[in-house]
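Visitor: To start, I am sharing the structure in question, which I have written as structure tokens.
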Amino acid sequence: MDGNDRLLLFRGLGSTKNPDYAWFTPGGGAHPGEDLTAAAVRELREETGYRVAPEAMGPVVAFTSGHWVANDGTLYHAEDSFFFLRVPEFDVDLSGMEEFESTMFDSFRWWTLAELRATTDRLAPLQLADLLERLLKGDIPAQPVLIPWGAIPD
């Protein structure tokens, strides 16, 4: 979230069999032996150019998991953990994205809560606006909230 209560999301097609676009939070996979906070810091830097110290990330606030099928028919299981981080406004720098990421995402946008509630576009995770509303009120859960899986279905 930036200082104007806007959330950064990327629009991507992904590598699923379904051709629908969706808006996703920045993020990605943890490398072997890498903890979630270190992975979040690295992914944020790679995908947005924003650098943050690991201790600034705070706790995981939400978790979701589910399966998705890639274009080649491979079945994957994903477990997604979400952090809530306030940042100053910054110019998004996509130059650190890995090649497959840069081909998966075609745009990015900063969204207000009202815009998230009003859109008919697909958002992932599901119930993103509900989670964001809670976090913006300062209600940071003591344990990660379980939210419904929200990947693009196959």
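Visitor: Taking all protein chains in place and a 1.4 Å probe, what share, in percent, of the accessible surface of the chain do carbon and sulfur account for? It would help to have the intermediate numbers written out before the result.
Guide: Working: 4430 of 8500 Å².
The computed percentage sits at 52.
Visitor: A further question on this structure: Roughly how many Å² is the accessible area per residue of region 15-154, as a whole number, for a 1.4 Å probe?
Guide: Using a 1.4 Å probe on heavy atoms only, each residue of region 15-154 averages 57 Å².
Visitor: As a test of the formula, what do you get for the chain when each DSSP H run with n ≥ 4 contributes -39,500 (n - 2.57) and the sum is divided by the residue count, at 222 nm and rounded to the nearest 500 deg cm²/dmol? Present the calculation step by step, with values, prior to reporting the outcome.
Guide: Details: 4 runs with 34 residues, N = 154.
Calculated at 222 nm, the ellipticity per residue is -6000 deg cm²/dmol.
Visitor: What residues of region 30-68 lie in the reach of a label at PHE90, counting those whose backbone N is under 16 Å from a point 7 Å from the Cα along Cα→Cβ?
Guide: Within reach of a label on PHE90: 38-58.
Visitor: How fast does the chain diffuse by Stokes-Einstein, in µm²/s, taking the Kirkwood radius from C-alpha pairs at 10 °C and 1.306 mPa s?
Guide: Details: Rh = 16.1 Å.
Answer from the Stokes-Einstein relation: 99 µm²/s.
Visitor: Give me the distance between the Cα centres of region 1-60 and region 90-144, rounded to whole Å.
Guide: 9
Visitor: Once the dipole of the chain is set up with Lys and Arg at +1 and Asp and Glu at -1 on Cβ about the Cα centre, which of LEU123, SER95, THR48 lies farthest towards its positive end?
Guide: LEU123
Visitor: Further question: For region 65-154, count the residues as N, evaluate 2.2 N^0.38 Å, and divide the Cα radius of gyration by that value, please.
Guide: Values: Rg = 15.2 Å, N = 90, 2.2 N^0.38 = 12.2 Å.
Normalised by 2.2 N^0.38 Å, the Cα Rg of region 65-154 equals 1.25.
Visitor: If you place +1 on the Cβ of every Lys and Arg, -1 on the Cβ of every Asp and Glu, and leave all else neutral, what size is the dipole of the chain about its Cα centre, to the nearest 20 Debye? Write out the running numbers ahead of the final one.
Guide: On the way: 12 positive and 25 negative charges, 83 e Å.
Taking the Cα centre of the chain as origin, the dipole is about 400 debye.
Visitor: In whole Hz, with x marking every Gly and Pro, tabulate ³J(HN,Hα) for region 29-45 from phi via Karplus 6.51 cos²θ - 1.76 cosθ + 1.60, θ = phi - 60°.
Guide: x, 8, 6, x, x, 8, 6, 4, 5, 4, 5, 5, 4, 5, 5, 4, 5
Visitor: Restricting to Cα pairs below 8 Å that are 6+ residues apart, what does the relative contact order work out to for the chain? Please round to a whole percent.
Guide: Numbers: 261 pairs, mean separation 52.8, N = 154.
The normalised contact order for the chain reaches 34 percent.
Visitor: Can you compute the radius of gyration and Dmax for region 15-69, using only the Cα atoms, both in Å?
Guide: Every Cα atom of region 15-69 included, Rg and Dmax give 13.2, 38 Å.
Visitor: With every protein chain kept in the model, how would you rank ARG42, ARG6, ARG51 by accessible area, 1.4 Å probe, largest at the top? Spell out each step's value before the answer.
Guide: Details: ARG42 25, ARG6 65, ARG51 175 Å².
Final ranking, largest accessible area leading: ARG51, ARG6, ARG42.
The values are calculated or read from the model by the stated rules, or taken from the named source; none is laboratory data. In this text the structure is predicted, and so the values were computed from the model without any measurement. Quick reminder, even Gly has a Cβ in these numbers, built from the backbone with ideal geometry, and neighbours come from all protein chains shown. Please note that ligands, DNA and RNA were not included when accessible areas were found on the heavy atoms of the full protein model with its side chains. Shrake-Rupley method; radii C 1.70, N 1.55, O 1.52, S 1.80 Å.
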